[in-house]
Amino acid sequence: MNQSIRGYHITIVLGVLLTIAAGFLSATQPMIAFLIVPALAIVFVCYAYPKLYILITMIYVMAMPKISIISVPGTHVGIRGEDALIALFLVTFLIKEAVKPSFTYNTYFKRINTRFTLYAVACLFSVMYGIYQGFIDNPLLGFMFLFRKIEYFIFMFLGYLYFRKQKDMKTFFRVIDVSVIFLLLVGLLQKVGAVGAIQSGEYKADATFRIMSTFSGPYEYAAFLLLITPIYIHRLANGRHKWLSVFFLILNAYAILITESRISLVAFFLILLMGFWKAVKGQALKIFIIGYVALACLVGGYLIQNLMPSTSANTANVQSESPLERFQTLNLDAMFLETEYAYKMRDYQTFLVKGPQLYFEGSDLSYSMRMSKWLNYIDGVQHNPVFGLGLSTTGEAVDGNYIRYLAESGILGFVLWVILISFILKLSKSLMKQNVFEGQFVYLAMISMLVSAVFIDVFEASKAAMVLWFIVGAMLTKLDLPKKDSKIKEAPLS
């Protein structure tokens with residue numbers, strides 16, 4: 001995408017108009033006039049340097065907490081900063097294309113877009129049917145949930161526009177490196193009680209001992225760390241800065257450890273094994289590197305975890321436990337009884353009034369809450385198996401993406417979503433076999449998301465979902481390259 005200033009006269013005219021407006025407003029509304037200056041700078045960068053603007057948007061998504069700048073009446077959601085950045089880019093892009101069309105996309109971009117469109121239409125039907133049947137109390141909220149899905153998908157388009165040269169991926173790597181360190185520092189400050197966290201748009205000084213950094217919860221933070229782990233696997237196997245890659249892998253492992261997300265810890269070691277098994281050549285070297293990195297991450301993270309007890313947990317009069325200790329709380333017998341009883345007692349109408357019911361003290365708390373919700377939602381979707389109950393009917397967290405998709409969009413939406421994800425997995429696996437890094441990146445990232453989705457609404461977590469679709473866009477750019485033979489050979493990214 002050309003970064004030169006095309007149509008500079010339009011930018012100048014816009015700048016003059018905004019400057020005049022700022023002059024008039026300064027007498028009556030000084031605060032609004034003050035905001036026009038940064039707004040002008042943002043518009044200029046968006047129009048003149050779109051690739052830089054996209055990178056800034058991604059930095060904002062990864063580093064900034066979710067703060068609503070405009071509340072949507074009658075709902076618990078709002079318009080956030082990243083929403084405004086994306087809207088501005090789309091308006092600017094459409095204006096450019098109307099003046100001078102230049103955007104082209106490949107066949108695979110079109111295929112993924114078609115599959116997502118079918119899924120979005122199924123979700124639209126589920127919203128309309130949910131409103132008609134009275135399952136959705138607030139129609140605006142149902143449509144907002146649909147718009148969020150479309151917004152996440154737009155990041156594939158942003159990634160497709162951004163990643164045009166090999167240096168673009170290297171720049172993205174550097175941004176990721178800085179983000180990992182920054183986010184962990186914020187998380188450690190939360191752990192010692194120095195700063196709080198923003199949840200549901202509100203700042204809470206007494207942040208939970210399960211750190212979340214700038215994310216809305218520990219699970220979302222862990223999901224993001226899983227998404228970027230393939231970068232360090234690739235750099236360790238093929239790059240020049242191997243020790244630096246080991247350092248970042250250990251940072252990722254430790255950060256996931258102190259989020260105390262057990263499923264994320266399992267997914268981390270799974271993609272670590274899968275990634276190195278594919279990337280590293282030589283059987284003996286594979287075993288050595290996999291064993292070394294796994295042991296270093298586990299032992300290093302565990303030691304640091306025990307050296308840094310949580311002060312915020314003490315403030316809340318609760319005892320902090322590491323994820324390794326949380327594994328010990330699992331009681332299979334109690335979990336089986338919990339499942340059996342929750343199955344017998346499932347009743348969606350009663351569940352809407354009373355919420356999740358916990359039955360066995362010996363069972364794992366997280367499992368108990370999930371099982372109660374899951375079986376009640378499955379009971380609820382029987383009212384409309386085809387279209388489901390409608391988007392937003394399961395609330396902010398179901399703690400299981402598969403159950404959420406089945407309950408909200410029914411069998412039709414769930415099947416279309418599976419078709420979409422399966423196609424991306426098949427495409428990324430094909431590229432991975434051709435030694436294309438972006439293929440391996442998307443494949444491992446998608447596997448980590450699918451594993452996490454068993455117990456987390458990870459595909460609905462905005463930061464994780466946006467990063468995922470962004471790298472899917474990066475993968476699609478590799479299909480634009482001319483192929484002289486059956487394999488694409490590239491210089492290692494470091």
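Lys487 meets the conditions (1) at pLDDT 95 or above; (2) assigned to a loop (DSSP other than H, G, I, E, B) in every case but one. The failed one is (1). Residues that are surrounded by 12 or more Cβ atoms within 10 Å (Cβ to Cβ), modelled with pLDDT under 90 and closer than 27 Å to Phe173 by Cα occur at least once in the stretch 70-80.
When each of Ile231, Ile211 is tested for being part of a loop (DSSP other than H, G, I, E, B) and either in contact with a Pro (Cβ under 6 Å, 6 or more places away or on another chain) or buried (at least 24 other Cβ atoms within 10 Å of the Cβ) (or both), the lone residue that passes is Ile211.
One residue alone among Leu118, Leu146, Leu141, Leu124 is part of a helix (DSSP H, G or I) and without any contact (Cβ under 8 Å) to a residue 24 or more places away in the chain, and that residue is Leu124.
Selection of the stretch 85-117 for residues being closer than 19 Å to Ile411 by Cα and surrounded by 15 or more Cβ atoms within 10 Å (Cβ to Cβ) yields Arg115, Phe116. Counting just the residues of the stretch 134-182 that are of a type in the set (Gly, Ala, Ser) and crowded, with 18+ Cβ neighbours inside 10 Å, which one comes out nearest to Gln349 (Cα to Cα)? Within the stretch 134-182, the match that is nearest to Gln349 (Cα to Cα) is Gly142.
When the residues of the stretch 412-428 are filtered to those that are small (Gly, Ala, Ser) and within 19 Å of Met475 (Cβ to Cβ), the one that is surrounded by the fewest Cβ atoms within 10 Å (Cβ to Cβ) is Ser422. For the structure I just gave you, tell me whether Gln190 is touching a residue at least 40 places away in the same chain (Cβ under 8 Å) and either surrounded by fewer than 18 Cβ atoms within 10 Å (Cβ to Cβ) or at positive phi (or both). When the stated conditions are applied, Gln190 does not pass them. For the stretch 345-355, does any single residue satisfy the condition of being in a loop (DSSP other than H, G, I, E, B), at pLDDT 75 or above and crowded, with 18+ Cβ neighbours inside 10 Å? There is at least one residue in the stretch 345-355 that is in a loop (DSSP other than H, G, I, E, B), at pLDDT 75 or above and crowded, with 18+ Cβ neighbours inside 10 Å. Within the stretch 319-329, not a single residue is in contact with a helix residue (DSSP H, G or I) (Cβ under 8 Å, 6 or more places away or on another chain), farther than 30 Å from Ile256 by Cβ and at pLDDT below 80.
Here Leu185 meets the list (1) surrounded by fewer than 21 Cβ atoms within 10 Å (Cβ to Cβ); (2) under 22 Å from Val442 (Cα atoms); (3) of a type in the set (A, V, I, L, M) almost entirely, failing just condition (2).
Here Ile136 fits the description: outside any helix (DSSP H, G or I) and within 10 Å of Gly390 (Cα to Cα).
The values are calculated or read from the model by the stated rules, or taken from the named source; none is laboratory data. All of these numbers come straight from a predicted model, not from anything done at the bench. Heads up, the Cβs are rebuilt from the backbone with ideal geometry, glycines too, and the neighbour counts pull from every protein chain shown.
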